[in-house]
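K.L.:
Take a look at this one; I'll ask things after.
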Amino acid sequence: MSESCVRVHVSAREGVRGGEDPLKEGGRYSRNSISPTGSTRGEDGPGREERTHTYAFHQRERGHRGAAETHGGPTRPLHATRKKVRESERVQQTPPTETHAANREAAERIKMSGSHPRLHQSAAPAPNALSTDKDAEMPATEKDLAEDAPWKKIQQNTFTRWCNEHLKCVNKRIGNLQTDLSDGLRLIGLLEVLSQKKMFRKYNQRPTFRQMQLENVSVALEFLDKENIKLVSIDSKAIVDGNLKLILGLIWTLILHYSISMPMWDEEEEADDGKQKTPKQRLLGWIQNKLPELPITNFNRDWQTGRALGALVDSCAPGLCPDWDQWDQTKPVDNAREAMQQADDWLGIPQVITPEEIVDPNVDEHSVMTYLSQFPKAKLKPGAPLRPKLNPKKARAYGPGIEPVGNVVMKKALFTVETISAGMGEVLVYVEDPAGHREEAKVTANNDKNRTYSVVYTPKVTGMHKVR
């Protein structure tokens, strides 16, 4: 507890001047505890092997002619030369059956090793060096679009947790968002929970074959179409085959419709153009109304210190995070963890994103919006540990008991402490004499609109006294 001190000079008779009066200008008085491939023949000519063979044939032909002319002998007929070449080639050729067997063996070796034989002819670079060089050469936009981009992993984790929160009531769970929707059963279950409706037609309860899985997913997509939820480039084949990009797009469409666009929110300002707002604008507007003291304009950068989360929690339930404005901005994970844990425990807001993920600079807006979309419908549970918000510096003390003159030994010294601007808390006052002896003053609540307290103490010796 931080304290402020008033020095009061006590004399044996009246009229002696004493110390100054810090409390009058806002000294602290309150005490409260806060926890914080191979060659192939193309269309434009022979393949590599055929070109090589033709070249060799002409070289041989020209060689025989040159030899005959040089030695002055008779020139060998062309057809004889070709005949000899063909005979030599037939001798060197491998029988077809042996060639096919060798090819099959080579293919099996390649399949078992998982790499092409040519890759073993040169030394492979070290994995770390390879990835470093790849990252250095890859532009920033390509890094963001890469399959292993950090924001994609965060989004996949967040969407998976969001689905599982809704699937709890039907005893289903998704472990891998890319593959677990392929049979259509979990997707159907999720849609029935979100819409509180049953599918419009029957589906396969045990989809062991691909055709059954495709039919189940088609049932789910038809349901969305009848609910006027438009999907772009998403069909049953994409879901069954595990197209992660399209699956994430499907889940985001469900979040937009069922968590942001459709619900009616309390305390939402009615506006003529309310229906024209996008889901993002609607959610952002609601948050801005709850946090007028903070300049919230986006769903990534403004949440990276964790303090905005604390402010939102305290706005929904005043007293859950009353000291959020005093949180250390250099500890964003701790701040986010405190706010999200209080929201989980007392507002019933599940942590579909982790504290580490929500303050990550790579987080995308869709992930943050998924989490924050749960706040408008949050309700405070009974027994929540609400703490008053205190600002002891705004307390005010006044009266003769803290005046620099006029206080006399063995006579009661009186003054008043006003706490209307400091918040609710316990008021404790201590008086310390020149010898260092400390005594608690008597404090009485006046129960008035300014929440004032009357304080009385009796100095026993002369000299400078400290009032804390």
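Please treat every number below as a calculation from the coordinates, not as lab data. Please read these numbers as outputs of a predicted model, since none were measured by experiment. Heads up, the Cβs are rebuilt from the backbone with ideal geometry, glycines too, and the neighbour counts pull from every protein chain shown.
K.L.:
Loop only per DSSP, at most 14 neighbouring Cβ atoms within 10 Å: give me the chymotrypsin sites (Phe, Trp or Tyr not before Pro) in region 186-234, ordered by residue number.
P.N.:
F200, F209
K.L.:
Scan around Y430 for amide H atoms under 5 Å from its own, H built in the peptide plane at 1.01 Å from N, and keep only partners 5 or more places away or cross-chain.
P.N.:
A441, R468
K.L.:
A further question on this structure: Length gain on complete extension for the stretch R201 to N447, per 0.36 nm per residue less the alpha carbon to alpha carbon distance?
P.N.:
The R201-N447 span can extend by a further 81.8 nm.
K.L.:
Once both labels are modelled 7 Å past Cα along the beta-carbon direction, what's the V333-E192 spacing in nm?
P.N.:
The modelled label-to-label distance comes out at 4.1 nm.
K.L.:
Per residue of region 431-443, what does 6.51 cos²θ - 1.76 cosθ + 1.60 with θ = phi - 60° give for ³J(HN,Hα)? Whole Hz please, x for Gly and Pro, Karplus curve as stated.
P.N.:
Each residue of region 431-443 in turn: 10, 10, 7, x, 7, x, 6, 10, 9, 7, 7, 7, 10 Hz.
K.L.:
Starting with the highest mean, order 365-375, 403-413 by the number of other Cβ atoms within 10 Å, averaged over the residues of each peptide.
P.N.:
Going by the mean number of other Cβ atoms within 10 Å, highest first, we get 365-375, 403-413.
K.L.:
Let me ask something else about it. Enumerate the amide H contacts of L414 below 5 Å, restricted to partners 5 or more residues apart or on another chain; note that Pro and chain-start residues carry no placed amide H.
P.N.:
It is G401, by chain and number.
K.L.:
I need to check one value: relative contact order of region 208-330, counting alpha carbon pairs closer than 8 Å and at least 6 residues apart, in percent.
P.N.:
That works out to 13 percent.
K.L.:
Give me the distance in nm between label points sitting 7 Å out from Cα along the Cα-to-Cβ direction at K226 and V170, one decimal.
P.N.:
1.5 nm
K.L.:
Ok, one more. Sketch the reach of a paramagnetic label on L380 as a point 7 Å from Cα along Cα-to-Cβ, and name the residues of region 391-431 whose backbone nitrogen lies under 17 Å away.
P.N.:
Only 423-425 fall inside the zone, counting backbone N under 17 Å.
K.L.:
What is the pair-distance distribution P(r) of region 392-467, computed from all Cα-Cα distances in 5 Å bins starting at 0, with each bin given as a whole percent?
P.N.:
So the P(r) values, bin by bin, are 3, 15, 27, 23, 16, 10, 5, 0.
K.L.:
What share of Cα pairs, in percent, lie more than 15 angstrom apart in region 176-261?
P.N.:
The calculated P(r) of region 176-261 puts 54 percent of pairs beyond 15 Å.
K.L.:
Once the piece of chain linking R210 and K412 is laid out straight, how much longer is it, given 0.36 nm per residue of separation minus the C-alpha distance between them?
P.N.:
63.5 nm
K.L.:
Something else about it: Return the subset of K168/K280; K394/K449; K198/K381; K168/K237; K198/K277; K172/K381 for which the Cα-Cα distance in this structure is over 22 Å, preserving the input order.
P.N.:
K168/K280; K198/K381; K168/K237; K198/K277; K172/K381
K.L.:
Give the relative contact order (percent, whole number) for region 176-261; include only Cα pairs under 8 Å separated by 6+ residues.
P.N.:
The value is 34 percent.
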